[in-house]
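Visitor: This is the structure, below, for whatever I ask next.
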Amino acid sequence: MAQYIGAHTVANGGISMAALRAGNAGMTALQIFTAPPQYYGDKATMRPDRVQRFRAALDQAGIAPAQVVVHAAYVLNTATEDEVKSARARGGLCKELERSTALGVGAICFHPGAAIGGDRQAAARRVAQAITEALERVEGATRLLVENTAGAGTTLGRTAAEVGAILEGVPQRLRPRTGYGLDTCHLFSSGHDIRKSEEELRKILDQFEAAAGCPPAFFHLNDSEGGLGSNKDRHLLLGEGKIGREAFGWLLRDERARDVPLILETPQQNYDIADDDPSPDPYDLRMIGLLTSML
């Protein structure tokens, strides 16, 4: 069993450059966007030449496609009861699965959205329907994974029970192609005290595994600007927020952090890097060094 640590690297110059920057930082996992995350992306396609460049860059970087996660657009509210917005969100999720399947990556993660009308059970069923529709329309091995949320407002997915309820609504025949992942900042901000002790962290992971019927398929490694239960989704460099360093060492020691992508979504120092510059970000190098020292 191995550990695959990576980051959502800057994609100036394209996703192939994001892969090269990750490889040059010594990463073995990667997260990218396939389209601008502020838009639905329900009409965006993946050109064959872009696929070829990305696959070649992954090969050069030494990153296996199975350890690549695509983050879906932020605006996809698959939980909404608004039919117009729901249709666009479902369309965007399907298109994301098309693009990601063309790239041959391991998984897509997405935020389930918000239960604006207040009926959280019905909202969970709508998210499950969106997952089901996408998986039925797009064949392939790329998985579609729910990400837990920080719990602001009416957002869905803040608890193990809510993540489990979403996945329960997916037909059993499609369950191998779906699952969930956990963001450490979101866990802490939604009230899960992962910094309390290694035992408490293990208990929280047990709760999600029991509710979902499977272990997490990825982790996002982020410190939190907000305090416990703040519902604040603001990421900081590891050790510079309210979670602190120790909890990340505990997580790395848990068997569920093996053989899945461990993705940093922490700040970058150089967002304006030149399109043709494959240099790794200094903050990423610092974070990779910190995590490696904990192994």
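The values are calculated or read from the model by the stated rules, or taken from the named source; none is laboratory data. Worth saying up front: this structure is predicted, and the values here are computed from it rather than measured. Note that we place each Cβ from the backbone using ideal geometry, even for glycine, and neighbour counts take in every protein chain shown.
Visitor: Can you tell me which of Leu205, Leu201 is surrounded by 15 or more Cβ atoms within 10 Å (Cβ to Cβ), in contact with a Phe, Trp or Tyr (Cβ under 6 Å, 6 or more places away or on another chain), part of a helix (DSSP H, G or I) and not acidic (Asp, Glu)?
Guide: Leu201
Visitor: Against the definition (touching a helix residue (DSSP H, G or I) at 6+ places or on another chain (Cβ under 8 Å), hydroxyl-bearing (Ser, Thr, Tyr) and farther than 18 Å from Val146 by Cβ), how does Ser230 come out, yes or no?
Guide: Here the answer is yes, as Ser230 does meet what is asked.
Visitor: Turning to a different aspect of this structure: Give me the pairs: first residue in segment 48-60 and over 11 Å from Gly104 (Cβ atoms) and modelled with pLDDT of 95 or more, second residue buried (at least 16 other Cβ atoms within 10 Å of the Cβ) and among the aliphatic types (A, V, I, L, M), beta-carbon distance under 7 Å, and six or more apart or on different chains, which are they?
Guide: Ala57/Ala19; Ala57/Leu20; Gln60/Leu20
Visitor: Being basic (Lys, Arg) and touching a residue at least 60 places away in the same chain (Cβ under 8 Å) is true for just one of Lys242, Lys232. Which residue is that?
Guide: One residue alone meets the criteria, Lys232.
Visitor: Just one of the numbered conditions (1) over 17 Å from Tyr74 (Cα atoms); (2) in contact with an Asp or Glu (Cβ under 8 Å, 6 or more places away or on another chain); (3) surrounded by fewer than 24 Cβ atoms within 10 Å (Cβ to Cβ) is not true of Gln172; which one?
Guide: Evaluating Gln172 over (1) over 17 Å from Tyr74 (Cα atoms); (2) in contact with an Asp or Glu (Cβ under 8 Å, 6 or more places away or on another chain); (3) surrounded by fewer than 24 Cβ atoms within 10 Å (Cβ to Cβ) leaves (2) as the failure.
Visitor: Can you spot a residue in segment 84-101 that is in contact (Cβ under 8 Å) with a residue 60 or more places away in the chain, part of a loop (DSSP other than H, G, I, E, B) and in contact with a strand residue (DSSP E or B) (Cβ under 9 Å, 6 or more places away or on another chain)?
Guide: No: segment 84-101 contains no residue that is in contact (Cβ under 8 Å) with a residue 60 or more places away in the chain, part of a loop (DSSP other than H, G, I, E, B) and in contact with a strand residue (DSSP E or B) (Cβ under 9 Å, 6 or more places away or on another chain).
Visitor: Shifting gears a bit: From the list Asp275, Asp259, exactly one residue is surrounded by fewer than 17 Cβ atoms within 10 Å (Cβ to Cβ), over 13 Å from Thr184 (Cβ atoms), touching a Gly at 6+ places or on another chain (Cβ under 8 Å) and not aliphatic (A, V, I, L, M). Which is it?
Guide: Sole residue among the options that is surrounded by fewer than 17 Cβ atoms within 10 Å (Cβ to Cβ), over 13 Å from Thr184 (Cβ atoms), touching a Gly at 6+ places or on another chain (Cβ under 8 Å) and not aliphatic (A, V, I, L, M): Asp275.
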